[in-house]
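Participant: I am attaching a structure below and will ask some questions about it afterwards.
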Amino acid sequence: MTAQKVPWYRTQIVTLVLLAIVAIVVIWAALAGYHAKGEPAIGVGRGIILLVVGFFAGLLGGLIGTGGCSVMLPIIHFWMGFPASLAVGTTLFAVIFTATSGAWGHLVRRNLDRRATLWLGGGGILGVLLGSWLFTFLAQHQALLGLVLGLLFLWPAIRMIWEGVEGFTGKGPGKTEGNEIPGNGWWMALFGFIVGIATGIAGLGGGYALVPGLIYLFSAPVYITMGTSLAVMVPLALVGGLIKVAQGFVSLMAGGILGGGTIIGAQVGASIIKRFKPHTLKFIFGIYFLYVALKFVLGYFGIRIW
């Protein structure tokens with residue numbers, strides 16, 4: 001089965017609506033003078049940098065099926081001065097827009113498993129609630145939160161490096177045929193619950209765990225996995241992101257600008273995906289995520305690396 005061709009307006013209408021919402025959020029935050037605790041001043045220069053960071057995060061997501069948090073979070077934390085807790089909440093808020101745009105594109109093409117989405121999403125929401133509660137304790141201990149983030153970044157790093165090597169050697173996962181994800185719904189809910197906890201704690205949208213988990217644990221078809229993962233990330237990011245807004249851990253202006261960049265980048269990535277070898281990109285970014293993980297973990301022990 002191949003993805004269905006659909007009219008341009010059906011795939012892009014949601015993208016345009018989301019960009020309009022992003023613009024409203026950014027303008028409101030600017031006019032209302034909304035500032036989260038520890039939020040750096042965001043002028044024109046920082047705004048442009050955030051937009052570019054969001055664009056490249058979305059571009060990567062469009063090429064290899066991630067939400068972009070793994071790119072945005074370390075950049076705004078280490079190089080733009082956002083406290084770890086604020087970086088977590090802000091990037092998770094941005095992923096609401098990225099995941100919604102991407103999931104809609106897969107939905108109109110019937111490129112996702114609705115049953116699996118409901119089970120994974122239901123368990124994931126419960127996990128996000130628990131993870132968000134745990135986050136309130138970790139947020140008061142920035143060094144410990146950094147250690148947790150570093151350990152969680154090890155997973156996407158190892159996963160991407162491994163899949164990159166598999167791609168170079170021709171031993172990647174077989175492209176299972178079919179249009180549904182096999183497996184017991186309760187096991188999917190449990191898996192979603194675990195991913196949700198990590199999302200609530202670390203602010204990573206969940207794609208870094210959902211994609212390999214569905215492929216390797218549930219033998220899911222690859223193209224169905226991408227769409228289902230993005231669809232599941234919508235409620236996880238929505239619930240987790242709004243909770244962090246209420247908790248005061250989101251810079252609405254920065255999150256909106258990042259979200260706008262990711263939406264545009266994701267569309268570009270989806271349109272040029274056939275020009276790149278995904279395993280090469282995974283290997284390169286796997287090395288980058290390994291560096292980020294080491295930076296977080298070593299920082300906890302007082303060892304600073306550039």
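This table checks each residue for (1) of a type in the set (A, V, I, L, M, F, W, C); (2) under 16 Å from the mean Cα position of the chain (by Cα); (3) assigned to a helix (DSSP H, G or I).
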position: 26; (1), (2), (3): yes, no, yes
position: 35; (1), (2), (3): no, no, no
position: 39; (1), (2), (3): no, no, no
position: 45; (1), (2), (3): no, no, yes
position: 56; (1), (2), (3): yes, yes, yes
position: 73; (1), (2), (3): yes, yes, yes
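Participant: Output yes when any residue across region 79-97 is among the small types (Gly, Ala, Ser), surrounded by fewer than 18 Cβ atoms within 10 Å (Cβ to Cβ) and touching a residue at least 40 places away in the same chain (Cβ under 8 Å), and no when none is.
Facilitator: For region 79-97, residues among the small types (Gly, Ala, Ser), surrounded by fewer than 18 Cβ atoms within 10 Å (Cβ to Cβ) and touching a residue at least 40 places away in the same chain (Cβ under 8 Å): present.
Participant: Select from region 196-248 the residues that are outside any helix (DSSP H, G or I) and touching a Lys or Arg at 6+ places or on another chain (Cβ under 8 Å) and list them in ascending order.
Facilitator: 203, 221, 248
Participant: Another one. Sort out which residues of region 175-200 are modelled with pLDDT under 90, surrounded by fewer than 24 Cβ atoms within 10 Å (Cβ to Cβ) and under 21 Å from residue 157 (Cα atoms), and write them in order of number.
Facilitator: Residue satisfying the conditions is 198 alone.
Participant: Can you tell me which of 47, 58 is buried (at least 18 other Cβ atoms within 10 Å of the Cβ), of a type outside the set (A, V, I, L, M, F, W, C) and in contact with a helix residue (DSSP H, G or I) (Cβ under 6 Å, 6 or more places away or on another chain)?
Facilitator: So the residue among 47, 58 that is buried (at least 18 other Cβ atoms within 10 Å of the Cβ), of a type outside the set (A, V, I, L, M, F, W, C) and in contact with a helix residue (DSSP H, G or I) (Cβ under 6 Å, 6 or more places away or on another chain) is 58.
Participant: Report yes if some residue within region 126-139 is outside any helix (DSSP H, G or I), within 30 Å of residue 50 (Cα to Cα) and in contact (Cβ under 8 Å) with a residue 60 or more places away in the chain; otherwise report no.
Facilitator: So far as region 126-139 goes, yes, one or more of its residues are outside any helix (DSSP H, G or I), within 30 Å of residue 50 (Cα to Cα) and in contact (Cβ under 8 Å) with a residue 60 or more places away in the chain.
The values are calculated or read from the model by the stated rules, or taken from the named source; none is laboratory data. Remember, it's a predicted structure, so these values are computed and weren't measured experimentally. Here the Cβ is made from the backbone with ideal geometry for all residues, glycine too, and neighbour counts use every protein chain on show.
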